[in-house]
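Novice: Dumping the structure here so I can ask a few things about it.
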Amino acid sequence: MSKLRTKSIKIIKILSSKYRLFFTRNLKDKNSKLYGKASLDHAKIKIVDAYPAMRQNQTIVHEVLHAITDEVGIELPEMTIEKMGGGFYAFLIDNKKLIRKILKEEAV
């Protein structure tokens with residue numbers, strides 16, 4: 001299993017809020033296992049670190065989408081978040097040069 005580089009990040013900014021990012025060995029919701037969970041009322045995102053780095057990163061994107069939709073006041077079905085999260089994660093991975101360029105230009 002590859003080591004996740006984002007584990008050192010403790011705070012992430014999502015629009016006007018700062019979310020605390022936690023890594024944990026396991027999470028459950030009722031009787032099902034989870035890869036992660038956003039606690040929007042408490043501005044926390046928990047990610048299960050027992051999975052490969054790619055799965056953890058996909059889960060971070062997924063949970064961030066939950067936080068964004070909450071911040072802007074949109075309620076989307078879980079299936080929509082799953083599909084958008086997968087698509088956005090693929091976009092980030094497939095367009096690294098573009099992402100770097102955007103980040104570089106925004107830093108100026």
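The values are calculated or read from the model by the stated rules, or taken from the named source; none is laboratory data. Please read all numbers here as calculations on a predicted model, not as lab measurements. Neighbour counts run over all protein chains shown; Cβ positions are idealised from the backbone, glycine included.
Novice: State yes or no: is LYS18 of a type outside the set (Ser, Thr, Tyr) and touching a Leu at 6+ places or on another chain (Cβ under 9 Å)?
Specialist: Against the criterion (of a type outside the set (Ser, Thr, Tyr) and touching a Leu at 6+ places or on another chain (Cβ under 9 Å)), LYS18 does not qualify.
Novice: Among the residues of segment 6-28, count how many are under 15 Å from LEU65 (Cα atoms) and surrounded by 15 or more Cβ atoms within 10 Å (Cβ to Cβ).
Specialist: 4
Novice: Just for segment 29-57: of the residues that are surrounded by fewer than 10 Cβ atoms within 10 Å (Cβ to Cβ) and not acidic (Asp, Glu), which one is modelled with the lowest pLDDT?
Specialist: Taking the candidates together, the pick is ASN31.
Novice: Which residue pairs have Cβ atoms under 8 Å apart, sit 6 or more places apart or on different chains, and have a first residue in segment 39-61 that is closer than 14 Å to ILE93 by Cβ and touching a residue at least 12 places away in the same chain (Cβ under 8 Å) and a second that is charged (D, E, K, R) and assigned to a helix (DSSP H, G or I)?
Specialist: Listed by first residue and then by second, the contacts come to ALA53/ARG5.
Novice: How do the pairs read when you match residues in segment 82-107 that are farther than 17 Å from GLU63 by Cα and basic (Lys, Arg) with residues anywhere that are in a helix (DSSP H, G or I) and modelled with pLDDT of 95 or more, using Cβ under 8 Å and keeping only pairs 6 or more apart or on different chains?
Specialist: none
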